[in-house]
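Engineer: Before anything else, here's the structure in question.
The values are calculated or read from the model by the stated rules, or taken from the named source; none is laboratory data. Everything numeric in this text was worked out from a predicted model, so none of it was measured. Counting neighbours? That spans all protein chains shown, and the Cβs are built from the backbone with ideal geometry, glycine included.
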Amino acid sequence: MPAVDKLLLEEALQDSPQTRSLLSVFEEDAGTLTDYTNQLLQAMQRVYGAQNEMCLATQQLSKQLLAYEKQNFALGKGDEEVISTLHYFSKVVDELNVLHTGLAKQLADTMVLPIIQFREKDLTEVSTLKDLFGLASSEHDLSMAKYSRLPKKKDNEKLKTEVVKEVAAARRKQHLSSLQYYCALNALQYRKRVAMMQPMLGFAHGQINFFKKGAEMFSQSMDSFLSSVAAMVQSIQVELEAEAEKMRASQQELLSLDESVYTPDFDVAAPQINRNLIQKAGYLNLRNKTGLVTTTWERLYFFTQGGNLMCQPRGAVAGGLIQDLDNCSVMAVDCEDRRYCFQITTPNGKSYDARVLFGGKQV
């Protein structure tokens, strides 16, 4: 690797403008390195965060796959094969979760931690030494200014001796701080190269180790399992396409029916009467009294079953008994607010008024 730039320690004591100018270049480089290191750390922490999130996500996915069996689907017939397959996939995801957890730990230890240590130790040390060097330089400048103002009179020898000692101490302190600062800046030129490459070595080794273990886990038996699942999915897809084609054909056939099935009162002029009906079903408007003289009409689904009139509201699982039709009479009635009404009268005199709606089903 090419040689790095250095600050000459021999020039620290003289503290010439040329040395200070070169020092400012090193300081600018250190500042740029600090900014870049912070950005690099954010990127690496994002990678680690994503990997850690993958650990949590695969853990949740495994639990959710097992939860399929406990859903109590209303139409769960034939789900046994799906349940067993999801159980196996849950086991696979658990094994993957172990690998992801190991990779997350390795990234934290070998990628994120080294760059944090570089920032907190090396860059912080340079920043601290810079502050100390600045303080020592200010003290030296103050002592030199005091020394420069000494009078020529010989009766001030005591004051001169004190100021000379102060200057010497300040210069020694500045020299020590500059040597420490220069050494840290010189070492930083090496350390920054290590700090940039070492975390990426940890990242690369972690990924390689993860993929190697993953390849070992997805052995030939796993390949066979995935092939069988793929074949099962393909088979289901073929069945779906065949069923979809049947439904499309059935839909076209049903949509090609005569317009009369959609038109209300289409055959009112010449109704077709079937006296051999065993069962009849359809929607009726049932009149209910809401007061002494007020009534309301409610649209409900009615059907006959075993000589009984049944009613099944929308959303109900089964119908309920309305009236035993044995010995009941039926006749048309006139209503002021409805057409085509009829009345069912029971043997005890109770009556039901209903209005016929089109589209009934006859059996």
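Engineer: Can you list residue pairs whose Cβ atoms sit under 7 Å apart, with the first residue in segment 104-122 being farther than 16 Å from Ala43 by Cβ and touching a residue at least 24 places away in the same chain (Cβ under 8 Å) and the second being of a type in the set (Asp, Glu) and part of a helix (DSSP H, G or I)? Count only pairs 6 or more apart in sequence or on different chains.
Structural biologist: No pair meets every condition.
Engineer: Let me ask something else. Can you tell me which residue in segment 1-28 is farthest from Arg193 (Cα to Cα), limited to those that are among the acidic types (Asp, Glu) and in contact (Cβ under 8 Å) with a residue 60 or more places away in the chain? Before you say what the answer is, go through the steps one by one.
Structural biologist: So in segment 1-28, the residues among the acidic types (Asp, Glu) come out as 5, 10-11, 15, 27-28.
This time we only want the ones that are in contact (Cβ under 8 Å) with a residue 60 or more places away in the chain, so: 5, 15, 27.
On the way: Asp5: 13, Asp15: 28, Glu27: 17 Å.
For segment 1-28, the residue satisfying everything is Asp15.
Engineer: Right, here's the next one. Got a sec? Which of Ser24, Ser62, Ser16 is of a type in the set (S, T, N, Q) and closer than 30 Å to Gln106 by Cα?
Structural biologist: Working: Ser24 fails: closer than 30 Å to Gln106 by Cα; Ser16 fails: closer than 30 Å to Gln106 by Cα.
Result of the check over Ser24, Ser62, Ser16: Ser62.
Engineer: Continuing with this model, one more query. Quick check on this structure: which one of Ala57, Ala74 is out of contact with any Phe, Trp or Tyr (no Cβ under 7 Å at 6 or more places or on another chain), assigned by TED's automatic domain parsing to the domain that holds Thr101, in a helix (DSSP H, G or I) and of a type in the set (A, V, I, L, M, F, W, C)?
Structural biologist: Ala57
Engineer: Identify all residues within segment 281-302 that are without any contact (Cβ under 8 Å) to a residue 40 or more places away in the chain and farther than 19 Å from Lys350 by Cα; write none if there are none.
Structural biologist: Hits for segment 281-302 are Leu300, Tyr301.
Engineer: In segment 329-351, which residues are closer than 26 Å to Thr294 by Cβ and part of a loop (DSSP other than H, G, I, E, B)?
Structural biologist: Asp334, Cys335, Glu336, Asp337, Arg338, Arg339, Tyr340, Thr346, Asn348, Gly349, Lys350
Engineer: Separate question: Name the one entry in Gln343, Gln305, Gln312 that is surrounded by 10 or more Cβ atoms within 10 Å (Cβ to Cβ), over 30 Å from Val82 (Cβ atoms) and either among the small types (Gly, Ala, Ser) or in contact (Cβ under 8 Å) with a residue 24 or more places away in the chain (or both). Outline the logic, then answer.
Structural biologist: Values: Gln343 fails: either among the small types (Gly, Ala, Ser) or in contact (Cβ under 8 Å) with a residue 24 or more places away in the chain (or both); Gln312 fails: either among the small types (Gly, Ala, Ser) or in contact (Cβ under 8 Å) with a residue 24 or more places away in the chain (or both).
Only one candidate passes the filter, namely Gln305.
Engineer: Determine whether segment 252-261 contains at least one residue that is modelled with pLDDT of 75 or more and either surrounded by 10 or more Cβ atoms within 10 Å (Cβ to Cβ) or within 21 Å of Leu325 (Cβ to Cβ) (or both).
Structural biologist: Within segment 252-261 (the criterion being modelled with pLDDT of 75 or more and either surrounded by 10 or more Cβ atoms within 10 Å (Cβ to Cβ) or within 21 Å of Leu325 (Cβ to Cβ) (or both)), the answer is no, since none of the residues qualifies.
Engineer: Starting from residues that are surrounded by 11 or more Cβ atoms within 10 Å (Cβ to Cβ) and farther than 30 Å from Leu103 by Cα, keep the ones in segment 58-80 and report whichever is modelled with the highest pLDDT. Full working, then the answer.
Structural biologist: The first filter runs over segment 58-80 and keeps only residues surrounded by 11 or more Cβ atoms within 10 Å (Cβ to Cβ), leaving 58-69, 76, 79.
Filter again for farther than 30 Å from Leu103 by Cα, leaving 69, 76, 79.
Values: Glu69: 91, Gly76: 74, Asp79: 83.
My answer is Glu69.
Engineer: Now for a separate question. Scanning segment 1-57 for residues that are aromatic (Phe, Trp, Tyr) and surrounded by 13 or more Cβ atoms within 10 Å (Cβ to Cβ), which turns out nearest to Gln117 (Cα to Cα)? Explain how you work it out, then say what you get.
Structural biologist: Start the filter on segment 1-57 by keeping residues that are aromatic (Phe, Trp, Tyr), which leaves 26, 36, 48.
Filter once more, so that each one left must be surrounded by 13 or more Cβ atoms within 10 Å (Cβ to Cβ): 26, 48.
Working: Phe26: 21, Tyr48: 16 Å.
Filtering first and then ranking leaves Tyr48.
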